[in-house]
Amino acid sequence: MKKYVPVLMKTQMFAGVGNDEVSAMLSCLDARLYNYKKGEYVLRQGEHLSDIVVLVEGTLHIQNDDYWGNRSILGQIAVGEMFGEAYVAPESGALLNDVVAIEDSTVIFFDVRRILTTCSSACRFHAMVVQNMFFAISGKNRKLVQKLGHMSKRSTREKLISYLSEEAKKHNSATFNIPFNRQQLADFLSVDRSAMSNELCKMRDDGLIEFDKNSFKLL
């Protein structure tokens with residue numbers, strides 16, 4: 001667990017908290033570490049959750065498969081990001097989506113009741129963690145609004161333009177790498193992979209973009 005303290009210090013949840021304080025708070029917050037192999041489920045649809053979860057190594061996808069096996073990727077979780085906060089309230093109900101390891105990954109579960117309740121030892125930085133968690137949830141809501149903006153577009157080209165434009169803004173550059181392969185990007189935008197690949201080629205022929213695998217340049 002201690003090997004991941006430097007990672008936790010860089011997360012938004014523990015922003016401003018020192019090394020010694022983070023180490024001391026792990027027990028206070030009932031931190032539990034779990035390892036997952038590529039392809040394993042971290043959380044499954046239908047489960048109930050009472051923990052805030054932070055990824056400290058690897059990559060995860062939030063995804064949903066319908067009855068016929070069609071997959072939608074709702075988001076990607078990178079190292080340092082937390083997830084599960086939408087389901088920890090008493091009336092939140094069961095998980096609506098799966099969380100899957102895209103590569104070998106390590107996560108830490110924190111008891112949300114320990115986070116929201118001041119412990120008997122009155123950790124100096126406990127209130128800061130609660131504040132940081134609030135800001136992190138706010139940031140995730142912004143990402144959700146951005147995704148809904150992409151999804152609201154009518155055509156595959158409009159969805160691609162919306163997504164690639166947002167990535168260029170995020171990287172502050174017309175040249176950037178996206179975190180998805182072709183199938184994952186199609187699942188994220190909820191479009192057919194073949195149709196999307198065809199549209200990317202048309203956009204390249206129209207002089208809008210250049211690309212090589214997951215590297216893009218907007219023209």
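Here, each number is a calculation from the coordinates, and none is a lab measurement. The shown structure was predicted, so the numbers you read here are calculated from the model rather than taken from an experiment. Reconstructed Cβ throughout: ideal geometry from the backbone, glycine too, with neighbour counts over all protein chains shown.
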Residue by residue through the range 153-166, what is 3J(HN,Hα) from phi via Karplus (6.51 cos²θ - 1.76 cosθ + 1.60, θ = phi - 60°)? Round to whole Hz and write x for glycine and proline. 5, 7, 9, 4, 5, 5, 5, 5, 4, 4, 5, 5, 5, 5
With DSSP loop assignment and no more than 14 other C-beta atoms within 10 Å, the trypsin sites (Lys or Arg not before Pro) in the range 141-188 are Arg154
Filtering chymotrypsin sites (Phe, Trp or Tyr not before Pro) in the range 147-214 by DSSP loop and by at most 14 other Cβ atoms within 10 Å leaves none
Principal axis lengths of the range 2-148 from Cα atoms, whole Å, largest first? 51, 32, 27
To the nearest 20 debye, what charge dipole does the range 38-119 have about its Cα centre, counting +1 at the Cβ of each Lys and Arg and -1 at the Cβ of each Asp and Glu? 120
What is the set of long-range amide H partners of Leu43 at a cut-off below 5 Å, with H atoms built 1.01 Å from backbone N? Val99
Past 19 Å, Cα to Cα: identify those pairs from Lys147/Lys169; Lys37/Lys147; Lys147/Lys170, in the order given. Lys37/Lys147
Compute the distance from the alpha-carbon center of the range 156-219 to that of the range 52-124, in whole Å. 27
Select from Met25, Ala86, Ile73 the residue farthest towards the positive end of the dipole of the range 2-148; place +1 on Cβ of Lys and Arg, -1 on Cβ of Asp and Glu, and compute about the Cα centre. Met25
Around Ser162, what is the net charge, scoring Lys/Arg as +1 and Asp/Glu as -1 over all other residues with Cβ under 12 Å from its Cβ? +3
Per 10 angstrom bin, beginning at 0 and ending with the bin that holds the maximum distance, the Cα pairs of the range 153-218 fall in percents of 22, 63, 16
Those GluC sites (Glu not before Pro) from the range 25-112 that are DSSP loop and have at most 16 other Cβ neighbours within 10 Å turn out to be Glu40, Glu47, Glu91, Glu103
With Cα coordinates, the longest principal axis of the chain makes an angle with the long axis of helix 193-205, in degrees rounded to 10, of 60
As a check on your grasp of the helix formula, calculate [θ] at 222 nm for the chain: sum -39500 (n - 2.57) over DSSP H runs of n ≥ 4, divide by the residue count, round to the nearest 500. -11500 deg cm²/dmol
Give me the dipole magnitude in Debye, nearest 20, for the range 153-218 about the Cα centre, with unit charges on the beta carbon: positive for Lys and Arg, negative for Asp and Glu. 100
Setting aside same-chain residues fewer than 8 positions from Lys202, which aspartates and glutamates have a Cα under 12 Å from its Cα? Glu210
Whole-Hz ³J(HN,Hα) from phi, Karplus 6.51 cos²θ - 1.76 cosθ + 1.60, for the range 138-148, glycine and proline x: 4, x, 5, 5, 5, 4, 5, 4, 4, 4, 4
Amide H within-cut-off set for Leu60, under 5 Å, with H built and near neighbours excluded: Ile77, Ile102
Pull up all non-local amide H partners of Ile209: gap of 5 or more, or a different chain, and H-to-H distance under 5 Å with H placed in the peptide plane. Arg204, Leu219
Using +1 on the beta carbon of Lys and Arg, -1 on that of Asp and Glu, and nothing else charged, what's the dipole of the chain about the Cα centre, debye to 20? 420
